[in-house]
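Taking it in order: structure first as structure tokens, then the write-up.
Here, each number is a calculation from the coordinates, and none is a lab measurement. All values reported here derive from a predicted model rather than from experimental measurement. Cβ atoms come from the backbone with ideal geometry, glycine included; neighbour counts cover every protein chain shown.
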Amino acid sequence: MDLTVLNLAVPRLSADLSPSSVQLLWIVDIYGFLLAGSLITMGTLGDRIGRRRLLLIGAATFGAASVLTAFSTTAGRLIAARALLGVAGATLAPSTLSLIRNMFVDANQRTTAIAVWVSSFSAGAAIGPVVGGLLLERFWWGSVFLPAVPVMALLLVLGPMLLPEFRNPQAGRLDLLSAALSMAAVLGVIYGLKQIAQDGIGLLPMVAIAAGIAIGSVFVWRQHALIEPLIDLRLFRNSAFSVVLAMNVLDFFIGFGVMLFITQYLQSVLGFSPLIAGLWTVPWALGFIVGSMVTPSLATRIRPAFVMAGGLVLAAVGYGVLTQVTVDAGLTRLVVGSVLLSVGLAPMTTLATDIMVGTVPPERAGAASSISETSSELGGALGIAVLGSIGTAVYRGQVAGAVPDGVSADMMNAALSSVGGATAIAQRLPPPIGAELLGVARQAFTESFGVAAGISAGVAIGTAIVAAVLLRRVGKVPTEIPQR
């Protein structure tokens, strides 16, 4: 929910706090940056101090940071509160997933539990725009962050009563330098990818990515040298773990990349408000929930590799439907295509997560969970950057060759930046010229959407082949990595 409500609140908070353009970017991005950068450290920290303890600490911090965010009176305070939210949020997913690994020893039960866990993300994404839109109709922009407070309070009350504690009794001290290196490496790559998605390929994002990769190399070298590393690199010696990790990156690559186009299409091409656009993404979220919940039943009858491969083929069909979306006849095809791809991607997400946490000994579940979540963040950022850049190139090429006469050079540059920019410019032009420019921009964006969907279909088919070939021998209970 926290990931989806902010976009609805941006217009209101911009009017209230008057942030600069740079501050607004940090308000939007700082949460995701620090969440992604902190995942590895938090997952490993849970192994050391206890998964339940870390979860409760994170819940208390998340609740407090939500209040600070809601009542921020300046852009600087809002950025700081969102940063704290990101660090606290990084404790939640690894802690809950690693607790599931220990609570459910039976493989069938664990797969079902992970399916419920995965479904909760889609449920939150579906609920977020609805709840956020209702709150914004009656209250100030900060109200959208307050629903997290009673949820965290409930967790703090029930967690000690219902959740068992697990930790690695042989874990050593947390290496702070390794933690700093892991955060810097992930932040560098994520920042660079997001800048490419936003502004295109440039010197700054490429330097950030190169720096992130270089720091990551130092991190890996340090893990080899330490007696008690932050991440035990022997996790990657298990072929199933490594293959599924790579597939998880591709899964989120195509999932996040095309969702960027879907939301823009609903608002900038069909002209829906953010709330109505959010409501039209609910079928996608419901499809993901359904796909996740039927996966455990399928996996008891069919090997995970073929369940994942079949789901990815269905997702490719969904992406194929999205390539047929047009300016005039798009909503039905959009909903059908998005539901097919969400139902198809759900088995991949569920079983990939299950295999990654199931291939490690229980005492390393936190580290494996954090690696799984980090790969998801990297895959999503990579999909937005790569597919977004390709889509932008197609859009600009189409618009540049069809801009009507009477559009100035400055207006031309704004129209070329995005379909949203073209929409804003069209409103300032005389009606005939504005309508023509808007038609050109919407057509160009729809074509770029089709290209991105087509690429995603190809990636889905390729990943399905990888799953069927390389994971065909993975049974219901994968072999665990030997302990030290």
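Evaluated on segment 173-215, the Kirkwood hydrodynamic radius is 10.5 Å, with distances taken between all distinct Cα atoms.
Relative contact order for segment 1-173 using alpha-carbon pairs under 8 Å, separation at least 6, rounded to a whole percent? Write down the numbers at each step before the final one.
Working: 205 pairs, mean separation 69.3, N = 173.
This gives 40 percent for segment 1-173.
Once the Cβ-Cβ distance of L174 and A400 is raised to the sixth power relative to R0 = 51 Å, the FRET efficiency obtained is 0.45. Sort out for me the Cα centre separation of segment 172-232 from segment 6-85, rounded to whole Å. When both Cα centres are located, 20 Å separates them.
How many percent of Cα pairs in segment 237-484 exceed 26 Å?
Numbers: 13549 of 30628 pairs.
Result: 44 percent of Cα pairs exceed 26 Å.
Considering segment 1-63 at the alpha-carbon level, its Rg and Dmax are found to be 15.3, 45 Å. Projecting label points 7 angstrom from Cα along Cα→Cβ for L146 and L158 puts them 2.2 nm apart.
Contact order, relative form, for the chain: 21 percent (alpha carbon pairs under 8 Å, 6 or more residues apart, mean separation divided by residue count).
Angle of helix 148-162 to the longest C-alpha principal axis of the chain, folded into 0 to 90 degrees and rounded to 10: 10°. Taking a quarter of the surface of the Cα convex hull of segment 45-175 gives a mean projected area of 9.5 nm². Specify the angular offset, from 0 to 90 degrees and rounded to the nearest 10, of the alpha carbon long axis of helix 176-199 from the longest principal axis of the alpha carbons in the chain. That works out to roughly 20 degrees. Here the simple spin-label model places points 7 Å from the Cα toward Cβ, and for E137 and A15 these points are separated by 1.7 nm.
Summary value for segment 175-229: 44 percent relative contact order, contacts being C-alpha pairs under 8 angstrom separated by 6+ residues. With only the Cα atoms considered, segment 283-388 has a convex hull volume of 105 Å³ per residue. The mean of 1/r over all pairs of different alpha-carbon atoms in segment 312-440, once inverted, gives a Kirkwood hydrodynamic radius of 18.0 Å.
How high is the FRET efficiency from E228 to E165, r the C-beta distance, R0 25 Å, rounded to 0.05? Could the numbers behind the result be given before it?
On the way: r = 21 Å, r/R0 = 0.84.
The computed FRET efficiency comes out at 0.75.
Taking Cα atoms only, the orientation of helix 239-264 departs from the longest principal axis of the chain by about 30 degrees. Calculated mean residue ellipticity at 222 nm for the chain: -27500 deg cm²/dmol, from DSSP H runs with n ≥ 4 weighted as -39500 (n - 2.57), summed, divided by the residue count and rounded to 500.
Please compute the alpha carbon radius of gyration of segment 240-316, then divide it by the globular-protein estimate 2.2 N^0.38 Å. Two decimals is fine. It would help to have the intermediate numbers written out before the result.
Values: Rg = 15.4 Å, N = 77, 2.2 N^0.38 = 11.5 Å.
Expressed relative to 2.2 N^0.38 Å, the Cα Rg reads 1.35.
Considering every Cα-Cα pair within the chain, what fraction, in whole percent, is farther apart than 35 Å?
Values: 37180 of 116886 pairs.
In whole percent, the long-distance tail amounts to 32.
Which of F139, L163, V28 sits closest to the plus end of the dipole of the chain, meaning its Cα is farthest towards the positive end, when Lys and Arg get +1 and Asp and Glu get -1 on the C-beta? The one lying farthest along the dipole's positive direction is L163.
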